[in-house]
Amino acid sequence: MLEKKVTAAAIAGALVTIVVWILRLSKIDVPPEVAAAATTLLAAVAGYLAPHTHRPDLAPPATTGNPPTAP
């Protein structure tokens, strides 16, 4: 099972790398430090915004509302 947050962060990192490569082909100089910072920031944002993948083998999902009462 793939974790959605990890997948989103990895795709964001790859996309930033491709964009920086295209910019360099277009004769726009991007310092390596800026490219690394952009990759880190966008991967973190993508990982934060991606939904959590529920893993039923680890724990039940959190319930909302009042806990059940004993009879």
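The values are calculated or read from the model by the stated rules, or taken from the named source; none is laboratory data. Just so it is clear, the model here is predicted, and its values are computed rather than measured. Using ideal geometry, Cβ is built from the backbone for each residue, glycine included, and neighbour counts are taken over all protein chains shown.
Exactly one condition in (1) loosely packed, with under 14 Cβ neighbours inside 10 Å; (2) at negative phi; (3) without any contact (Cβ under 8 Å) to a residue 40 or more places away in the chain is false for LEU2; which is it?
Just one mismatch for LEU2, condition (3).
Exactly one of these conditions fails for ALA9: (1) at pLDDT below 95; (2) assigned to a helix (DSSP H, G or I); (3) surrounded by fewer than 17 Cβ atoms within 10 Å (Cβ to Cβ). Give me its number.
All conditions pass for ALA9, except number (3).
What tally of residues in the stretch 15-39 results from selecting those that are assigned to a helix (DSSP H, G or I), without any contact (Cβ under 8 Å) to a residue 24 or more places away in the chain and surrounded by 12 or more Cβ atoms within 10 Å (Cβ to Cβ)? Quick ask: steps written out before the conclusion?
Keep residues of the stretch 15-39 that are assigned to a helix (DSSP H, G or I), which gives 15-25, 32-39.
From what's left, without any contact (Cβ under 8 Å) to a residue 24 or more places away in the chain: 17-25, 32-38.
Then drop every residue that is not surrounded by 12 or more Cβ atoms within 10 Å (Cβ to Cβ), which leaves 17, 19-21, 23-24, 35-38.
Number satisfying all stated conditions: 10.
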